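Derivation of every value follows stated rules applied to the coordinates shown; laboratory data play no part. Note that this is a predicted model, so its numbers are computed, not measured.
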Amino acid sequence: MIKAKSGNFLVVRFEDGEKFPEALLGLGIKAGAILSGVGMLRNLEMAYWNGKEYVRERVDEPVELLSLQGNFGEREGKGVIHAHTVVAKEGGSALGGHLMKATVHNTAEVVIVELPGIVMERRPEPSGLVGLYPKEG
């Protein structure tokens, strides 16, 4: 990983073979937003919330990472990444969903803003989702 920081902004280049969301969690950010992400992924697992559960879809072949957005938070003292992604398969068809896991293929360039003074707490909700409860802190 190659990274540079200016104020609350962090630009990170993840390298081939690094795993998401683990590499993102490894940055140690407790509260932040993923502003953008581009590059390539493989062994991608995305999910769609159907109102009751996440329906998972796996894409093993390399895909172009067109968009990565989300946030960093905490649940019961542990880091949590909530991120959505859009990827393109060979031929240009696009897929999107909740990022469950992936491996960086060649490179992934991600821009992040840390949010000092904000607590991004995640709590389980009756729907089965884990909701965001931001507060000053």
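Given Cα pairs under 8 Å that are at least 6 residues apart, what percent is the relative contact order of region 1-108?
35 percent.
Under the classification rounded if a/c is under 1.5, otherwise prolate if a/b is larger than b/c and oblate if not, where does region 81-132 fall, given a ≥ b ≥ c as square roots of the Cα gyration tensor eigenvalues? Mind dumping the intermediate values first?
Details: a/c = 3.10, a/b = 1.53, b/c = 2.02.
Since a/c reaches 1.5 but b/c is at least a/b, the shape of region 81-132 is classed as oblate.
Just from its helices, what would the mean residue ellipticity at 222 nm be for the chain, if runs of 4 or more DSSP H residues each count -39500 (n - 2.57) and the sum is divided by every residue, rounded to the nearest 500 deg cm²/dmol?
-500 deg cm²/dmol
Compute and list, largest first, the equivalent-ellipsoid semi-axes of region 36-136 from the alpha carbon gyration tensor, each √(5λ) rounded to a whole angstrom.
26, 18, 10
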